[in-house]
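The values are calculated or read from the model by the stated rules, or taken from the named source; none is laboratory data. Here the structure is a predicted model, which is why all the values come from computation and not from measurement. Methodologically, a virtual Cβ is constructed for each residue, glycine included, from the backbone with ideal geometry; neighbour enumeration extends over all protein chains shown. Calculation scope for accessible area: heavy atoms of the full protein, side chains included, ligands and nucleic acids excluded. Shrake-Rupley method; radii C 1.70, N 1.55, O 1.52, S 1.80 Å.
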Amino acid sequence: MDLSALRENYTRDGLTRDELAATPFEQFERWFLQAQEAELPEPNAMSLATASKDAAPSLRTVLLKYFDTRGFVFFTNYESNKAKEIAENPQVALMFFWLGLERQVIVKGTAEKVSHAESLKYFMSRPHGSQLGAWCSHQSSVISGRKLLEMQLDKMKQKFKQGQVPLPSFWGGFRVVPQQIEFWQGRPNRLHDRFQYSRENETDWSIARLSP
Ligand SMILES: Cc1cc2nc3c(=O)[nH]c(=O)nc-3n(C[C@H](O)[C@H](O)[C@H](O)COP(=O)(O)O)c2cc1C
């Protein structure tokens with residue numbers, strides 16, 4: 001199958017140095033609000049790249065649950081492939097692809113577990129079914145079939161039929177603490193606008209325009 005004639009010209013918008021916020025968190029918030037206003041599907045879905053200690057990369061989608069100046073937080077199974085790779089090598093990358101706005105944001109940094117209290121707070125806010133689901137999945141392990149998952153769910157429904165579903169010890173959040181964040185805006189003729197924020201210290205960021 002030849003896809004070489006498939007191409008889009010990006011004409012919606014531009015990005016200039018003058019309009020950038022002082023910090024990438026403010027810039028990200030601006031773009032995130034615009035992605036929501038544009039009603040893009042799941043604007044908080046992001047690709048998460050990890051790498052093993054041998055530098056073999058892997059990639060999957062996770063959902064951003066919140067962010068602030070400390071970083072970007074997602075939740076997952078602490079025994080999953082991604083969590084094992086983060087334990088071996090905390091360097092990760094995140095990517096948001098907002099095609100409807102012809103935008104891409106790439107975050108590079110390190111992932112660290114959030115506190116137990118933070119995981120608990122988020123877990124308690126999840127729907128009951130998702131709480132039970134967390135207990136049922138040995139994420140990333142090989143299973144015999146779907147039946148096993150359904151049996152596990154029935155078991156957990158029984159086990160936790162009274163009171164709150166507790167936070168599993170193998171489940172929680174990671175915070176990606178950024179070192180660099182790039183904002184990419186598609187432009188005509190492949191002359192896209194790219195601005196990269198690099199961390200200088202706790203609070204300050206330098207900004208560079210990158211060639212497309
Ligand atoms: C839209 C979407 C959102 C997802 N959100 C999450 C998430 O927030 N946390 C998570 O652990 N997996 C999420 N997944 C599943 C992951 O992509 C992946 O299959 C799973 O985490 C196992 O990854 P691993 O084996 O690399 O650890 C999501 C998948 C999709 C398509």
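Give me the angle, in degrees from 0 to 90, between the Cα long axis of helix 146-159 and the longest principal axis of the Cα atoms of the chain, rounded to the nearest 10. Between the helix axis and the principal axis of the chain, the angle is about 60 degrees. The share of accessible area on segment 102-166 that comes from carbon and sulfur is 57 percent, using a 1.4 angstrom probe.
The overall shape of segment 1-65, judged from the alpha-carbon gyration tensor, is oblate: a/c is not under 1.5, and a/b is no greater than b/c.
Can you pull out the trypsin sites (Lys or Arg not before Pro) in segment 1-108 that DSSP calls coil and that have at most 16 other Cβ atoms within 10 Å?
Hits after loop and neighbour filter: Arg7, Arg12, Lys53, Lys65, Arg70.
Which distance in Å, rounded to a whole number, links the C-alpha centroids of segment 88-116 and segment 35-83? The two parts, judged by their Cα centres, are 6 Å apart.
Orientation-averaged projection of the chain equals 15.4 nm² [convex hull of Cα atoms, one quarter of hull surface area].
Order Glu182, Glu29, most accessible first, counting only protein heavy atoms with a 1.4 angstrom probe.
Numbers: Glu182 15, Glu29 95 Å².
The ranking, largest first, comes out as Glu29, Glu182.
Here is the size of segment 25-134 from its Cα atoms: Rg then Dmax, 14.7, 41 Å.
Centroid-to-centroid, using Cα positions, segment 168-192 and segment 142-162 are 34 Å apart.
The C-alpha atoms of the chain define a longest principal axis, and helix 24-37 lies at about 80 degrees to it. Among Ala134, Gly100, Leu149, pick out the residue whose Cα is farthest towards the positive end of the charge dipole of the chain, where Lys and Arg carry +1 and Asp and Glu carry -1 on C-beta, about the Cα centre. Sorting the options by dipole projection puts first Leu149.
Each residue of segment 67-79 is assigned a 3J(HN,Hα), and the resulting list reads 8, 7, 5, 7, x, 10, 10, 10, 10, 6, 8, 6, 10 Hz, derived from the Karplus form 6.51 cos²θ - 1.76 cosθ + 1.60 (θ = phi - 60°), x at Gly and Pro.
3J(HN,Hα) couplings calculated from phi for segment 94-99 with the Karplus curve 6.51 cos²θ - 1.76 cosθ + 1.60 (θ = phi - 60°) are, in sequence order, 10, 9, 9, 10, 10, 4 Hz; Gly and Pro show x. Please name whichever of Gln164, Gln180, Asn77 sits farthest to the positive end of the charge dipole of the chain, dipole taken about the Cα centre and charges placed at Cβ: Lys and Arg +1, Asp and Glu -1. Ranked along the dipole, the leading option is Gln164.
Sequence-ordered 3J(HN,Hα) estimates for segment 175-185 from the Karplus curve with 6.51, -1.76 and 1.60 and θ = phi - 60° stand at 10, 8, 8, x, 10, 9, 9, 10, 10, 10, 10 Hz, glycine and proline given as x.
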